[in-house]
Structures are given as structure tokens and as C-alpha cells.
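Visitor: Right, I'll just put the structure down here and ask away after.
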Amino acid sequence: MTGARPKTGAQPATGRRLGVRLCLRCRAATRVPAAAAAAARLLCPRCHAPLHERRPGSRSVCAALLLTAAILYVPANLLPVMHTRTLFGEDDDTILSGVIALLHAGSWPLALLVFFASIVVPLLKLVSLGWLLLSTLGAPAPAAPRSRLYRMVEFVGRWSMLDVFAVTVLACLVQFRTLANVRVGTGALAFCAVVVLTMLAAQTFDERLLWDSDAAA
Amino acid sequence: MTSVIVCPACDLAHRVRRPAGAARFRCTRCRAELYRTHDVHGDVVLALCASAVVLLALGLAYPLIALRVEDTTRAATLTGAAVVLFQQGYGALAAVVLLTTVLLPLAQVAALAALLLAPRGGPAARGARWVAVLSAVRPWAMSEVFVLGVLVAAVKLAGVADVVPGISVYAYSAFMVIVTALGVLAPPDQLWRWLEHGR
Ligand SMILES: [Zn+2]
């Protein structure tokens, strides 16, 4: 294949410069004549989805989702994700105390995994997506490392649901009337919302914005 | 036949000769995968879809794990877990769990089967619908995360009670493996190839 590798100083041959738009739904590339580019509504000739140069409202929708997720991140970590009641008393577990309990159960690899999935990853997602969003507004910067960060965030995001699933199974399993029972806590709902919102934010973010502000070395 | 492929990740345009056989290439600037097709026969993929449905049915019918405390045993099924969430007042959580572990992975399998069974050379817009469903659903199908979640729950309980794995753990894990394989076997370019040339 003959890649249009940009030479130093030369403008890369992007779809935007060539007047070619990519359909986000079916991935067909369509040449849009300069005269038609200003038209209000262009449709993909193959699948009839609207054709945009960049995802419309990518920055503002992503920012709104991130902000909501950041606010919910506080109750997600402070409120209990489950209540345990046994003959010996009652116990509330937050995400963090769940990790510690797992460590005491003698399973440090699993504890480490849950620690990463439930505590490190959500925080990493909030901070890095926020930073990536801001980086598209500022001065041009190298895009390759930012793009790698974005792809990592998008790849690991789903694993944060781990704790929600574990709590779900525990609540279903531990139902022994007065002997022992587990109830789901409000924290699990907030945590689940954080995971869903950050996943939506990552999907809304148009990665091409990073390359639009690329300082080609 | 040469055509222009625009990178969905960085917008760089590439002029490429579309190969007739299986091929894979990446963006020269950002290394994103631009094009991937393979030569696995569509019938094999359909057979995988069918076995995924059977395995999911088994996974739903039998308990995932059971817990024995003194002389009482309590088993958790996937649907039972959603019902318990609902009863405890967390309907939204029950919906998310059912969607991510059952409905969306199933939708992924069904859309792929529908695409493979669609008459060849039909209207492109109809085929595009299945391609769009598959790419929209994929990030939200979380079977593999759920399997790990069951493991975490089992480890947490292992110290205090007897945990007995059920048939569903094996059936659902196998379902998860097949769904993951189907994800690898269904890149958008291959889907278009099936739509245009039949399986
Ligand atoms: Zn690229």
C-alpha cells in the first residue's frame, strides 16, 4: 500500500484536507465537493447515516458526561456497595474495604486485580479523558502519545464493572434469612453509573481531534 | 481496484489496492487497524453463533454457583441475580447486569447470524444496519468481566462457607469464549465482504 506518510513540515493528507468524509456507521469514505460541504445535512450514500467531518458536539457532550461521572465518583467510593448481616452483627463494605477483605481472604492476585479495576481505572479514566479533552483546545502537541493513552482508557474501561458483578452474585447467593444475608448498597448504583458514564464519554470523544492538534515532529 | 480508506482514528487518507483475499493493514500514522478480512468460512461462523445460543440457554437454565451453609444450600442463577437486585430496589442495576451479560452479547450473536443469513447483494442500507448494530453493541457486551466477577464472589465466600460451582459457570464461560472469538471474526470489512459476496 502507498501510505500518505507526512514529510516533515508537509501537511498530512487527511480526509478533511482532501474533502473526503468517513461514515462512522459503515466506514465508507465519501468525497464531498467543497460546494456541498456547507450543506446542513449530508447522508452517507451507502447506509444513509448523517455524514460529519467530526463527531458533532464531541467535546461538549464528552465534558458533560465526564463531569457527571466525576461527581458520582465521590458517592461511589464513600457509600457502601453492600451491607452484610450475620448472626454476629452488621457490616458495610465500600469498594476499598472490599479489596482489603479480598486481601485477607488470602487472594492477593485477585485483590490486586479488583484494586486496579475498581479504584485505579475509574480515576485514571476521569483524569486522562479530562486532560485529553483539554489538550485538544490548547496549543498543538504530539498526538501519538495522547492517542495511545486514549486507546488504553477505552480498552480497560469495561473491566471496572467487575465489582458490580461480584456484588450482584454475592447478593443473590447470600440469602440465608437470619443466619446471613447480603443487600446491595447505594454505592454500587453510583459506581455502576460512573463506569457507564465514563464509557460513554470515551465513545463520544472523537479521537481525530487529537490528531487535528498534532504537532508533527 | 484502488480505493481511498480514511483512518477513523486520525483522519489520514490512504490510497490502497483492496486485496481479493484475506488481508490486514494499519494506518501509517497512528497504527490503528484500517482494514482486516479473513478467510474463515461464513458457515463456520454461523455454527459458532448457534453453539453460542445453546450455551447461553444452558447458562441461564442452571445455577452459576451454590453456597452451602450448615444444611441449607442456596444457588445463584444469572436471572435470579437480576431478580434479587430488582427486589432490593435496584431495578436500574438489574437492567444493566442483564443487558451487559445476556441481552447484548445475545444481540451481538443474533446480528451476526442475521447478517450471514441475509440474501447476498441486498440493499446496502439493510446490511449497514447489522454492521452498525454489531459495532454499537460490542463495547457493552461484558461476558468476560462477568465470569471474573463470579470468581471474585466465589473467593470472597470460600473462607466462610462451601462454594460449589454449577453447570452454568462452565456453560457461560464457554459462551464467553465463543462470543469473544466471534468478535475477532467479525471486523467491519469482513462483514461487508460477506454482505457483498455471500458467505
Ligand atoms: Zn490513523
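Visitor: Looking at segment A:88-126, which of its residues are among the β-branched types (V, I, T) and in a helix (DSSP H, G or I)? Steps first, please.
Guide: Restricting attention to segment A:88-126, the residues satisfying the condition of being among the β-branched types (V, I, T) are A:94-95, A:99-100, A:114, A:119-121.
Selection gives A:I95, A:V99, A:I100, A:V114, A:I119, A:V120, A:V121.
Visitor: Restricting to segment B:93-109, give me the number of residues that are touching a residue at least 40 places away in the same chain (Cβ under 8 Å) and small (G, A, S).
Guide: Of the residues in that region, 0 qualify.
Visitor: Okay, next question. How many residues are of a type in the set (A, V, I, L, M, F, W, C), in a loop (DSSP other than H, G, I, E, B) and under 24 Å from B:G80 (Cβ atoms) if we restrict to segment A:135-183? Full working, then the answer.
Guide: Start the filter on segment A:135-183 by keeping residues that are of a type in the set (A, V, I, L, M, F, W, C), which leaves A:137, A:139, A:141, A:143-144, A:149, A:152-153, A:155-156, A:159, A:161-162, A:164-167, A:169-174, A:176, A:179-180, A:182.
From what is left, the residues that are in a loop (DSSP other than H, G, I, E, B) are A:137, A:139, A:174, A:179.
Pick out the ones that are also under 24 Å from B:G80 (Cβ atoms) and you get A:174, A:179.
Of the residues in that region, 2 qualify.
Visitor: Something else: Test A:D214 against the criterion of being closer than 25 Å to A:G57 by Cβ, in contact (Cβ under 8 Å) with a residue 24 or more places away in the chain, within 9 Å of chain B (Cβ to nearest Cβ) and among the charged types (D, E, K, R), and give yes or no. Write out each step before concluding.
Guide: Working: closer than 25 Å to A:G57 by Cβ: yes; in contact (Cβ under 8 Å) with a residue 24 or more places away in the chain: yes; within 9 Å of chain B (Cβ to nearest Cβ): yes; among the charged types (D, E, K, R): yes.
It is true that A:D214 is closer than 25 Å to A:G57 by Cβ, in contact (Cβ under 8 Å) with a residue 24 or more places away in the chain, within 9 Å of chain B (Cβ to nearest Cβ) and among the charged types (D, E, K, R).
Visitor: Just the residues that are touching a residue at least 60 places away in the same chain (Cβ under 8 Å) and more than 11 Å from chain A (Cβ to nearest Cβ), please, taken from segment B:52-89.
Guide: Across segment B:52-89, the qualifying residues are B:A52, B:L55, B:L56, B:L58, B:G59, B:L60, B:A61, B:Y62.
Visitor: Can you find a residue in segment B:122-131 that is away from chain A (no Cβ under 13 Å) and part of a helix (DSSP H, G or I)? Reasoning before the result, please.
Guide: Narrowing segment B:122-131 to residues away from chain A (no Cβ under 13 Å): none.
No, the conditions are met nowhere in segment B:122-131.
Visitor: Has segment B:21-28 got at least one residue that is more than 10 Å from every other protein chain (Cβ to nearest Cβ), away from the ligand (no atom under 16 Å from the Cβ) and surrounded by fewer than 21 Cβ atoms within 10 Å (Cβ to Cβ)?
Guide: Let us first name the residues in segment B:21-28 that are more than 10 Å from every other protein chain (Cβ to nearest Cβ), namely B:21-22, B:24.
Going one step further and asking which of them are away from the ligand (no atom under 16 Å from the Cβ), we end up with B:21-22.
Okay, now just the ones that are also surrounded by fewer than 21 Cβ atoms within 10 Å (Cβ to Cβ), so B:21-22.
Looking through segment B:21-28, at least one residue is more than 10 Å from every other protein chain (Cβ to nearest Cβ), away from the ligand (no atom under 16 Å from the Cβ) and surrounded by fewer than 21 Cβ atoms within 10 Å (Cβ to Cβ).
Visitor: Any residue at all in segment A:98-110 that's away from chain B (no Cβ under 13 Å) and within 17 Å of B:V145 (Cβ to Cβ)? Walk me through it before giving the result.
Guide: Going through segment A:98-110, the residues away from chain B (no Cβ under 13 Å) turn out to be none.
Checked against the condition, which is being away from chain B (no Cβ under 13 Å) and within 17 Å of B:V145 (Cβ to Cβ), segment A:98-110 yields no hits at all.
Visitor: Of the residues in segment A:18-32, how many are modelled with pLDDT under 85 and either more than 12 Å from every other protein chain (Cβ to nearest Cβ) or part of a helix (DSSP H, G or I) (or both)?
Guide: 0
Visitor: If you don't mind, another one. Could you identify the single residue in B:G91, B:G59 that is out of contact with any Phe, Trp or Tyr (no Cβ under 6 Å at 6 or more places or on another chain) and away from the ligand (no atom under 16 Å from the Cβ)?
Guide: B:G91
Visitor: Right, something else. Mind checking which residues of segment A:33-69 are touching a residue at least 60 places away in the same chain (Cβ under 8 Å) and either part of a helix (DSSP H, G or I) or in contact with a Cys (Cβ under 8 Å, 6 or more places away or on another chain) (or both)?
Guide: Within segment A:33-69, A:S58, A:R59, A:V61, A:C62, A:A63, A:L65, A:L66, A:T68, A:A69 meet the criteria.
Visitor: Taking B:D11 as the residue in question, decide whether it is within 16 Å of the ligand (Cβ to nearest atom), of a type in the set (D, E) and either touching a helix residue (DSSP H, G or I) at 6+ places or on another chain (Cβ under 7 Å) or within 23 Å of B:V109 (Cβ to Cβ) (or both).
Guide: On the way: within 16 Å of the ligand (Cβ to nearest atom): yes; of a type in the set (D, E): yes; either touching a helix residue (DSSP H, G or I) at 6+ places or on another chain (Cβ under 7 Å) or within 23 Å of B:V109 (Cβ to Cβ) (or both): yes.
The answer is yes for B:D11.
Visitor: Additional query: Would you confirm, using the coordinates I've provided, whether A:L132 is in the same structural domain as A:R208 (by TED's automatic domain parsing), over 27 Å from A:D206 (Cβ atoms) and part of a helix (DSSP H, G or I)?
Guide: Working: in the same structural domain as A:R208 (by TED's automatic domain parsing): yes; over 27 Å from A:D206 (Cβ atoms): no; part of a helix (DSSP H, G or I): yes.
For A:L132, the condition - in the same structural domain as A:R208 (by TED's automatic domain parsing), over 27 Å from A:D206 (Cβ atoms) and part of a helix (DSSP H, G or I) - is not met.
Visitor: Further, regarding this structure: Filter segment B:8-20 down to residues that are more than 27 Å from the chain's Cα centre (by Cα) and farther than 15 Å from A:L18 by Cβ and give me whichever is nearest to the other protein chains (Cβ to nearest Cβ). First the steps, then the outcome.
Guide: So the first thing to find is which residues in segment B:8-20 are more than 27 Å from the chain's Cα centre (by Cα), and the list is B:11-20.
From what's left, farther than 15 Å from A:L18 by Cβ: B:17-20.
Values: B:R17: 7, B:R18: 10, B:P19: 10, B:A20: 15 Å.
Filtering first and then ranking leaves B:R17.
Visitor: Please verify whether B:I5 is surrounded by 15 or more Cβ atoms within 10 Å (Cβ to Cβ) and either more than 14 Å from every other protein chain (Cβ to nearest Cβ) or more than 16 Å from the ligand (Cβ to nearest atom) (or both), treating the condition exactly as stated. Talk me through it step by step, then tell me what you get.
Guide: Details: surrounded by 15 or more Cβ atoms within 10 Å (Cβ to Cβ): yes; either more than 14 Å from every other protein chain (Cβ to nearest Cβ) or more than 16 Å from the ligand (Cβ to nearest atom) (or both): no.
In short, no.
Visitor: What residue, of A:F191, A:F176, A:F116, A:F155, is facing chain B (nearest Cβ under 9 Å) and of a type in the set (F, W, Y)? Steps first, answer last, please.
Guide: Details: A:F191 fails: facing chain B (nearest Cβ under 9 Å); A:F116 fails: facing chain B (nearest Cβ under 9 Å); A:F155 fails: facing chain B (nearest Cβ under 9 Å).
None of the others qualify; the one that does is A:F176.
Visitor: While we're on this one: If you scan segment B:1-51, which residues turn out to be within 17 Å of B:W192 (Cα to Cα) and in contact (Cβ under 8 Å) with a residue 60 or more places away in the chain?
Guide: If the condition is that a residue be within 17 Å of B:W192 (Cα to Cα) and in contact (Cβ under 8 Å) with a residue 60 or more places away in the chain, then B:E33, B:Y35, B:R36, B:T37, B:H38, B:V40, B:H41, B:G42, B:D43, B:V45, B:L46 are the ones that fit.
The values are calculated or read from the model by the stated rules, or taken from the named source; none is laboratory data. Computed from a predicted structure; not experimentally measured. So basically every Cβ, Gly included, is an ideal-geometry build from the backbone, and we count neighbours across all protein chains shown.
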